[in-house]
Every structure is written in structure tokens, then in C-alpha cells.
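The values are calculated or read from the model by the stated rules, or taken from the named source; none is laboratory data. It should be emphasised that the depicted structure is a prediction, and the values quoted were computed from it without experimental measurement. So basically every Cβ, Gly included, is an ideal-geometry build from the backbone, and we count neighbours across all protein chains shown.
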Amino acid sequence: MSADTNIETGQLTEEVKEFARCNATDESLMALRHRLAKFTADTFTEVGNELHAVGNIFGTDRRDGLSPFGNGSDEIVAVSLLFRIAGQLTSAASDLFQDGRPYAAAALVRQMVEIEYLAWAFQSRDKDAERWLRSSRDERENFFSPRKLRAAATGKFRSKDYGYHCELGGHPVPGSSLLLSKDPALGQLLLFDVLGHTGRIWDSFLDWSQGNEMAFPIYRRREAMFNEYTAWKAQDGLTTLPPL
């Protein structure tokens, strides 16, 4: 239940469960999480739109005949696409949690996990962004499936975390009835989890942007993102709980 974990509260002591519930349902912290989600969604969308324009115009892929789409840089366009998708997912999940529809929101969280995997791959593995943008469905299943990326990351991502999201909201299974209970704490715990994923997505792309002059839409916003996430972590008691 930290920014690096899921919300399997059944593994926690009663004291920790109560601490988690109190922080999850604190009205000021609930408002803080939704504000941060909106700020993040807006930032991701703005960065994505700007990178899309940059990647269309600048770069050598079009000149060298490498981009099937006529982009200047397929790498930049691939990153822009993930940012724009993540922006919509973050905004929609926050709205659905706030609207009291946590099951529908949870179905979006698994996609955030997959974007986190891809962001890591784009940052860590040479030419993965271009390969992904140009890939066929078969190629994505062979190189970019969640299972393949987890294996490539050698322990960075836990398969049980992904499986948990599949069970909770990714698929219609009996256990997902938990999210139909109208318990506000569950939605807030999942929103907290979303913010953990968005923070790590940002960190991966911030690392990716280093030394890349075309990535200025990212590093020109790094201070604002750092300040917002630092303030959230300083106030939200859920960030103090240990990983499960």
C-alpha cells in the first residue's frame, strides 16, 4: 500500500488496516490525491501533445526512410503516444473514483501498469520505442507483452502485482465484487496506487530525456512535477506504509 504496492489489506495487521483506512478516507487527503491526478493528467497530455509535434517535424527517420509513418522521429512519437494515453487514463480513473464507480476505474489501472512497463523498456533498451511504434500485433506479443517485459526487467516488476490488477478490475471475476461495495476507502487506495504508477512513469521518461534536446517538453516540467509529488508524499500517510 505504498506507492510501490497493491492494496491486499488482508495481509496487514488490524492496526495498520485502520491507519490505512483513516488516511484513505481523510477528506483533505482525498482532495489532494484528486488534485495531483488532475495535475498529472494535464501535464502528461501537454507533454504528449508537444512531443507529438516535435517528433513529427524533427529527426532523421523520415529523411532516412526509416519511419513507415513519415515521422521525423518515431522514438519521440512513441513516447508522446504513451504520455497521451496515460494522461487520459489518469484523468478518467480519477473521475470514476470520485464518481463512486471504482470497478470501472480499476479496469483502467491495469493499463497504467502496462504503460509503466513500456516506459521502462523505452528508457532502458535501445530502439525499443521505435520498434514498438512500428510493430505488428505478433511482434508486440513476442517482444512487448507484460510477461515478456517483466522477464526482461529481471525482478523490477512483480508478476503478482499485475495479476492482482487483473483479478481486481482487469477481468470480470467473482472477487471483483469487492469494488461494488461502495467502500470509499477502496477507491482511494486504488487512486493512491495510480499515483504511484504515474510517478514511476514520469521518472522513467525523465531518465530517458537526459541528453536528448528534442525532449525539452519533459525536462521543462521536471521541477513542477517534482514539487507536486514531493508535497503529496509529505502529506499522504499511505506513503509511509511498507510494501506488501
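Tabulated values for the structure
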{"read-out": "Condition check for residue 159: over 15 Å from the mean Cα position of the chain (by Cα), among the small types (Gly, Ala, Ser), loosely packed, with under 15 Cβ neighbours inside 10 Å and under 21 Å from residue 85 (Cα atoms)", "value": "no"}
{"read-out": "Cross-chain or 6+ apart pairs with Cβ under 7 Å, region 44-58 first and of a type in the set (Phe, Trp, Tyr), then in a helix (DSSP H, G or I) and surrounded by 22 or more Cβ atoms within 10 Å (Cβ to Cβ)", "value": "44/83; 44/86; 44/90"}
{"read-out": "Test result for residue 104, modelled with pLDDT of 95 or more, in a helix (DSSP H, G or I) and aliphatic (A, V, I, L, M)", "value": "no"}
{"read-out": "Sole exception among (1) closer than 30 Å to residue 215 by Cβ; (2) in contact (Cβ under 8 Å) with a residue 12 or more places away in the chain; (3) part of a helix (DSSP H, G or I) for residue 157, by number", "value": "(3)"}
{"read-out": "Unmet criterion (only one of (1) crowded, with 21+ Cβ neighbours inside 10 Å; (2) out of contact with any Phe, Trp or Tyr (no Cβ under 7 Å at 6 or more places or on another chain); (3) among the small types (Gly, Ala, Ser)) for residue 151", "value": "(1)"}
{"read-out": "Single residue of region 216-241 satisfying the filter (among the acidic types (Asp, Glu) and either touching a residue at least 40 places away in the same chain (Cβ under 8 Å) or crowded, with 20+ Cβ neighbours inside 10 Å (or both)) that is farthest from residue 29 (Cα to Cα)", "value": "228"}
{"read-out": "Options 96, 118, 32; residue that is modelled with pLDDT of 95 or more, surrounded by fewer than 19 Cβ atoms within 10 Å (Cβ to Cβ) and not acidic (Asp, Glu)", "value": "32"}
{"read-out": "Any pair with Cβ under 7 angstrom, 6 or more apart, that starts in region 175-200 at a residue that is among the aliphatic types (A, V, I, L, M) and ends at one that is in a helix (DSSP H, G or I) and surrounded by fewer than 17 Cβ atoms within 10 Å (Cβ to Cβ)", "value": "186/178"}
{"read-out": "Breaking point among (1) without any contact (Cβ under 8 Å) to a residue 24 or more places away in the chain; (2) surrounded by 15 or more Cβ atoms within 10 Å (Cβ to Cβ), for residue 213", "value": "(2)"}
{"read-out": "In region 190-219, the residues that are of a type in the set (D, E, K, R) and farther than 30 Å from residue 178 by Cα", "value": "203, 207, 213"}
{"read-out": "Every residue from region 50-80 that is assigned to a helix (DSSP H, G or I) and either among the aliphatic types (A, V, I, L, M) or exposed (fewer than 15 other Cβ atoms within 10 Å of the Cβ) (or both)", "value": "51, 53, 54, 57, 76, 77, 78, 79"}
